[in-house]
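In what follows, a structure is listed as C-alpha cells, so that the remarks can point back to it.
Throughout, read-outs are computed from the coordinates displayed, never taken from laboratory work. Since the model is a prediction, treat every value here as computed from it, not as a measurement. Cβ atoms come from the backbone with ideal geometry, glycine included; neighbour counts cover every protein chain shown.
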Amino acid sequence: MSTIFDKIISREIPADIVYEDEQVLAFKDISPKAPVHYLIIPKQPIATLNDANPEHQALLGHMMLTAAKLAKQAGVAEDGYRVQMNCNPDGGQVVYHIHLHMMGGKALSA
Ligand code: 5GP
C-alpha cells in the first residue's frame, strides 16, 4: 500500500530532504518533537518492522548508521540524541513505511 513517504521519495510532495543515497532518504519531520527531528526511511517500502526479514538486515543497519551520521552533521551527536522506530498502533506508528526518528537538540524526556 502506498503511503505519503512514497510520494516524498518520488518528489510528488515536497519535503526538506537532508540526505539521500541509493538505499535511504532522510528529511525533516513536518511536526518536530525536538529542535532536530529527522526521519530516515528506506526507498523500498516495508510497512512495519514486523515485515522486515533477514534480507533487510543490511538495510536496517544502514538506516541506523545514517541516523548517527546525520546526528553528527546536525551537531547533536556529542550532547546526545534519540533514535526510535514505532511499530503498529500500540507503538504509535502512523505512517506504514518503516522509518527511524532521529531527535536531538534538547534533553529529551524519558
Ligand atoms: P510514526 O508515528 O509513524 O512513527 O511517525 C510518522 C512521522 O511522520 C510523524 O512524526 C509525522 O510528523 C511525520 N510526517 C507525517 N506526514 C509527513 C509529511 O508529509 N512530511 C513530513 N516531512 N513528515 C511527515
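Data overview
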{"item": "Calculated P(r) of the chain - Cα pairs past 20 Å, %", "result": "37"}
{"item": "Most fluctuating residue given options HIS99, HIS37, HIS62, as computed from a GNM of the chain linking Cα atoms under 10 Å", "result": "HIS62"}
{"item": "Point-to-point label distance, GLU22-SER2, nm (Cα→Cβ direction, 7 Å offset)", "result": "2.6"}
{"item": "For peptides 50-59, 15-24, sequence by mean Cβ density within 10 Å, most packed first", "result": "15-24, 50-59"}
{"item": "For the range 74-90, Karplus couplings with θ = phi - 60° (6.51, -1.76, 1.60), whole Hz, Gly/Pro x", "result": "7, x, 10, 5, 5, 5, x, 7, 10, 10, 9, 10, 8, 10, 6, x, 5"}
{"item": "Above-threshold pairs, the threshold being 18 Å between Cα atoms, out of LYS43/LYS72; LYS33/LYS69; LYS33/LYS106; LYS43/LYS106; LYS7/LYS33", "result": "LYS43/LYS72; LYS33/LYS69; LYS43/LYS106; LYS7/LYS33"}
